[in-house]
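Taken together, the values in this text are just the output of simple stated rules run on the coordinates, not laboratory data. Quick caveat, the model's predicted, so the values are computed rather than measured. When we count neighbours, we look across all protein chains shown, and the Cβ atoms used for this are built from the backbone with ideal geometry, even at glycine.
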Amino acid sequence: MGKIRTGILGGFQGKVGTVIGSTWRGEDIMRALPKKSSKNPTELQKIQRIKFKTVSEFLNPLRAPLNKYFGNDIGKKSRYNMATSYHITNAVEVTSDAIQILYPRVLVSKGTLFGFQNLTVAVSETDLELKWDDNSVFGNAKAEDTVNVLCYNEEQNVFFVFENAAIRGGLSATVSLPQSLVGYEVIVYAFLYDTVSNTASNSVYLGSVALG
């Protein structure tokens with residue numbers, strides 16, 4: 001049953017007959033209920049559904065950072081939706097017996113900010129130390145750009161996001177992961193962010209590192 005929010009001429013939420021009312025980004029939206037198809041899905045449709053499900057489950061914990069750091073707002077399409085589209089197309093693989101996320105192709109940020117130069121990561125127990133060369137005079141880079149690090153443990157399906165871990169001009173950053181991850185591996189990504197222009201760099205995949 002639908003509920004009218006602001007009088008008889010106002011928007012509504014819920015289902016009324018064959019119409020669903022909702023609010024998205026402050027606007028009242030109405031859409032028709034989808035018709036059930038009597039046709040069986042094609043193999044391509046099945047693959048796309050599997051890709052969408054896998055990518056959605058992987059990215060859902062990152063909804064907040066993706067909505068901040070992935071690309072720019074384009075019309076009414078959210079940044080999270082743009083990230084989902086990118087990963088379905090570029091970062092998931094379906095074979096005859098398995099489906100997997102292609103971690104080297106994952107982007108946790110996307111933008112036009114000048115990225116890292118010669119970025120490396122070293123491990124000491126559960127601490128990760130990142131180092132890079134100074135390139136703050138190139139392109140749109142600034143020494144004050146913030147360094148952000150994201151780690152993912154596949155076994156526990158958990159992400160660790162470290163925002164403002166350092167600045168570009170500092171040339172190094174150290175982040176500490178929980179001791180409970182000793183003996184596990186984490187996949188590491190890093191990116192830069194300009195807090196003035198709200199522009200990110202494309203994230204860098206640093207591979208998988210063993211902790212402990």
Exercise for review: Go ahead and run the numbers for FRET between Ser176 and Asn81, Cβ-Cβ distance against an R0 of 41 Å, rounding to 0.05.
Suggested key: 0.80
Review point. Exposure proxy check: Lys39, Lys76, Lys110, Lys131 ranked by fewest other beta carbons within 10 Å?
Key: Lys39, Lys76, Lys131, Lys110
Review point. Rounded to whole Å and sorted largest first, what semi-axes of the equivalent ellipsoid does the C-alpha gyration tensor of region 43-105 yield via the square root of 5 times each eigenvalue?
Key: 23, 12, 9
Review point. Taking every pair of alpha-carbon atoms in region 78-212, what share in percent sits in each 5 Å bin, from 0 to the bin with the longest distance?
Key: 2, 10, 19, 21, 18, 15, 10, 3, 1, 0
Study note, to complete from the structure: Inter-part gap, Cα centre of region 42-56 to Cα centre of region 104-173, in whole angstrom, is 32 Å
Review point. Structure shown: which of Lys53/Lys77; Lys51/Lys131; Lys68/Lys142; Lys39/Lys77; Lys46/Lys110 lie over 23 Å apart, alpha-carbon to alpha-carbon?
Key: Lys51/Lys131; Lys39/Lys77; Lys46/Lys110
Practice item. With 5 Å bins from zero, work out the P(r) of region 51-149 over every alpha carbon pair and list the percent per bin. Key: 2, 11, 18, 17, 17, 17, 12, 5, 1, 0
